[in-house]
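Remarks on the structure that follows.
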Amino acid sequence: MFEFSWPWCFVLLPLPWILSRFMPLKQQGQLRLRIPGFAKLGLNNQAVQQHSRKVSLLEWAVWVSLVVAIANPTWLDEPITLPNEGRDIMLAVDLSGSMTEQDMAYQNQYVDRLTMVKAVLSDFIEQRQGDRLGLILFGDTAFLQTPLTRDVKTVSQMLSEAQIGLVGRATAIGDALGLSVKRFANKDESNRIVVLLTDGQNTAGNLDPEDALLLAREEGIKVYTIGVGSDNPRGFSLFNMGGMSGGNLDESLLKRIAEQTGGLYFRAKDVAGLQQIYQELDKLEPISSDEQTFRPQISLFYIPLLVALGLISLAMLVSFIRQFKQES
């Protein structure tokens, strides 16, 4: 759709005619739009050269182009609908050594837990249009990889670049939950959700999980916990030969965190199970039905402005060429 930002500017179009109609000839000559070389172009007729009330066609074309530029022609793209109130979701992902255990069947082969989590979680992230997502990675401690943002592609990219052992080989569940709560400060107007994904138990960190749980409850933050790990005993880990098969998973802690914050605990034993968990999260935490619409705008004022400058430049160029021929 095409429109003008300031259509009232078109009232200026007849201004040259009004000036030529009602002002004395001496003042007309001072106020007229003067383009260098017009007299030598032969574009102005005898009446114009004698300060008549008519203006040349080229002068009018320049004037109209300038007025159109001032009116700011704008192209409105197709409307885009966004939720008026989306979800704020902080993803806390475990990067401890046990996540290297290859007990997850994915695409007809067994892969380590982190590879499976990346594959499924990336799809979940890219479908979160309208939500603000953040990413926390934790091992010996927790750190914020991506603050809350609507740029879901960046969050997905940061997750794909995460590596085992990046934050150490232990599991600081308390630090991860505590940092998630901290990052939700001054975000009271949205659904504040933490999705905490781990395959172990709290073995490191500065904050006890019970203290972090208390903070989450006080702030009214809902925590969904996901325990990752297959019951398949074939697992192989770079840090734990023979595999752990989810045996070290502290399910009681994860269940308690979820229940006391109003969330739910899920157990992801395979790819299908993890995908189902994310689908369930969409049902449990729907986006607000209130929506707002905006239309991307592209300002096109430069086009008529370039037309005006082009006409003036063309007039000057033709004048220069004719003058050069006359002198030669």
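Quick notes
- Those residues of segment 133-156 which are in contact (Cβ under 8 Å) with a residue 12 or more places away in the chain, more than 12 Å from Leu179 (Cα to Cα) and in a loop (DSSP other than H, G, I, E, B), in sequence order: Gly139, Asp140, Arg150
- For segment 165-188, the set of residues classified as open to solvent by less than 70 Å² (accessible area, probe 1.4 Å), modelled with pLDDT of 90 or more and over 22 Å from the mean Cα position of the chain (by Cα) consists of Ala170, Thr171, Ala172, Ile173, Gly174, Asp175, Ala176, Leu177, Gly178, Leu179, Val181, listed by residue number.
- The sole residue among Met99, Met116, Met104 that is in contact with a helix residue (DSSP H, G or I) (Cβ under 8 Å, 6 or more places away or on another chain) and either modelled with pLDDT under 85 or open to solvent by 20 Å² or more (accessible area, probe 1.4 Å) (or both) is Met104.
- Residues in segment 290-328 that are touching a strand residue (DSSP E or B) at 6+ places or on another chain (Cβ under 8 Å), at pLDDT below 85 and either open to solvent by less than 80 Å² (accessible area, probe 1.4 Å) or farther than 30 Å from Ala61 by Cα (or both): Asp290, Glu291, Gln292, Thr293, Phe294, Arg295, Pro296.
- Conditions (1) surrounded by fewer than 23 Cβ atoms within 10 Å (Cβ to Cβ); (2) touching a Phe, Trp or Tyr at 6+ places or on another chain (Cβ under 9 Å); (3) assigned to a helix (DSSP H, G or I): number failed by Leu159: (2)
- For Arg21, the test of being surrounded by fewer than 16 Cβ atoms within 10 Å (Cβ to Cβ), of a type in the set (Lys, Arg) and either at pLDDT below 55 or not in a helix (DSSP H, G or I) (or both) is failed.
- Residues that are crowded, with 17+ Cβ neighbours inside 10 Å, at pLDDT 65 or above and not aromatic (Phe, Trp, Tyr) were ranked within segment 48-63; the one that is nearest to Pro7 (Cα to Cα) is Val62.
- For segment 119-150, a residue qualifies if it is open to solvent by 50 Å² or more (accessible area, probe 1.4 Å) and within 13 Å of Val271 (Cβ to Cβ), and exactly one does: Asp123.
- Qualifying residue in segment 185-196 (condition: of a type in the set (S, T, N, Q), under 29 Å from Lys283 (Cβ atoms) and assigned to a strand (DSSP E or B)): yes
- Across segment 235-278, the qualifying residues are those that are modelled with pLDDT of 85 or more, among the polar types (S, T, N, Q) and touching a helix residue (DSSP H, G or I) at 6+ places or on another chain (Cβ under 8 Å), and the one among them that is surrounded by the most Cβ atoms within 10 Å (Cβ to Cβ) is Thr261.
- Gly205 among the small types (Gly, Ala, Ser), open to solvent by less than 70 Å² (accessible area, probe 1.4 Å), modelled with pLDDT under 80 and assigned to a loop (DSSP other than H, G, I, E, B): no
The values are calculated or read from the model by the stated rules, or taken from the named source; none is laboratory data. Remember, it's a predicted structure, so these values are computed and weren't measured experimentally. Note: ideal-geometry Cβ built from the backbone for every residue, glycine included; neighbour counts use all protein chains shown. Surface accessibility is based on the protein's heavy atoms, side chains included, excluding ligands, DNA and RNA. Shrake-Rupley method; radii C 1.70, N 1.55, O 1.52, S 1.80 Å.
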